[in-house]
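Q: The structure under discussion is supplied below as structure tokens; questions concerning it will follow.
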Amino acid sequence: MSESEDVISIYSPGNFSEWSRTSSRRKRPLKSVILEPKIKDAVLADALEFLDNEEWYVERGIPYRRGYLLVGLDVYIVSLSKPDLNDSKLNALFCAMPPRSILLIEDIDAVFQKVTAVRKTVAATLSKNDDFDRGMLRNDNDNERLGNVTLSGLLNALDGIAASEGRLLFATTNCVTALDEALIRPGRMDVHVEFTNATSWQAKELFRSFFEPRKHDTKERKIKIHTEINSAGTQFAMLTVREFVNLYELIDLSEQFAKLVPADVFSVASLQGYLMLYKSQPQSALEHIERWVDENLKKEDSDKENGEECQ
């Protein structure tokens, strides 16, 4: 829970079925989340509507919980693949969450993905051999597990009779087809948000956000920075010199950048990684983007040929 309006405390599972505070950090400005406005605004509005309407849920006997499944992404945080986490501990952790808290389950598909693949293999074998012991498939899905957490244990922790209320659940997955339908049905994962590769709008806004002039970059400070850099030596200056642009120039550069980046091909994270190479050099970032795109398109084609897909 937030200790102040600007700080978020982050908790992870401890050693005794309780949450342990691991860190605190300042909240990110919402504008720094480069997501299509219609998606970002819809998720934000849905979450705020939920938090403001506890009484409505209570009056109608509806469990006061809300779940969001974020699809395609590479706070309270729990990784279900931790070896020391079992059904009992998971349930205790969920019950110990205070109201109006946020729970994040990372890579929720990783826990049951391999089990599902095994069951499919067994089913295929049965279809070819009628004499095979069909009892192997009679195991209820409730017993499916990868580590010490079962599917039934997770479902019970999410919305069992003792499940906590008043919390927002966010789960991430890279492969939604690997998830059991019971896990992602409404009431458990009410809102599904797909994070696609960067659109042209996202590329433009990412560039603009990345190089937006700093408020404290006064004319006097810019002269001082240039003086210090130039005195450090030619080679160092080439690596660190800042390229100052005004807002109007930045808008033009960002539009040019977006035109050179093919839409829906690269992730926002990969574009950010590229821009990190030119932290304070927007013009250089624009100058070299075509080469970066060509190199990475070739890599994308190579990955597809190697069949790197979600199983």
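Q: Could you please tell me which pairs satisfy a Cβ distance under 6 Å, a separation of 6+ or placement on different chains, a first residue in the stretch 189-213 that is more than 21 Å from residue 246 (Cβ to Cβ) and assigned by TED's automatic domain parsing to the domain that holds residue 69, and a second residue that is part of a strand (DSSP E or B) and of a type in the set (Lys, Arg)?
A: Sorted first by the residue in the stretch 189-213, then by its partner, the pairs are 190/66.
Q: Across the stretch 79-89, which residue is nearest to residue 64 (Cα to Cα) among those that are crowded, with 20+ Cβ neighbours inside 10 Å and touching a Ser or Thr at 6+ places or on another chain (Cβ under 9 Å)?
A: Among those residues, the one meeting the criterion is 89.
Q: How many residues does the stretch 71-93 hold that are within 14 Å of residue 168 (Cα to Cα) and modelled with pLDDT of 85 or more?
A: Within the stretch 71-93, residues that are within 14 Å of residue 168 (Cα to Cα) and modelled with pLDDT of 85 or more number 0.
Q: Okay, moving on. Looking at 71, 58, 43, which one is exposed (fewer than 13 other Cβ atoms within 10 Å of the Cβ) and in contact with a Phe, Trp or Tyr (Cβ under 8 Å, 6 or more places away or on another chain)?
A: 58
Q: Something else: If you go through the stretch 231-254 one residue at a time, do you hit one that is modelled with pLDDT under 90, β-branched (Val, Ile, Thr) and outside any loop (DSSP other than H, G, I, E, B)?
A: Yes, the stretch 231-254 has at least one match.
The values are calculated or read from the model by the stated rules, or taken from the named source; none is laboratory data. No experiment lies behind these values; they were computed from the predicted model shown. Quick reminder, even Gly has a Cβ in these numbers, built from the backbone with ideal geometry, and neighbours come from all protein chains shown.
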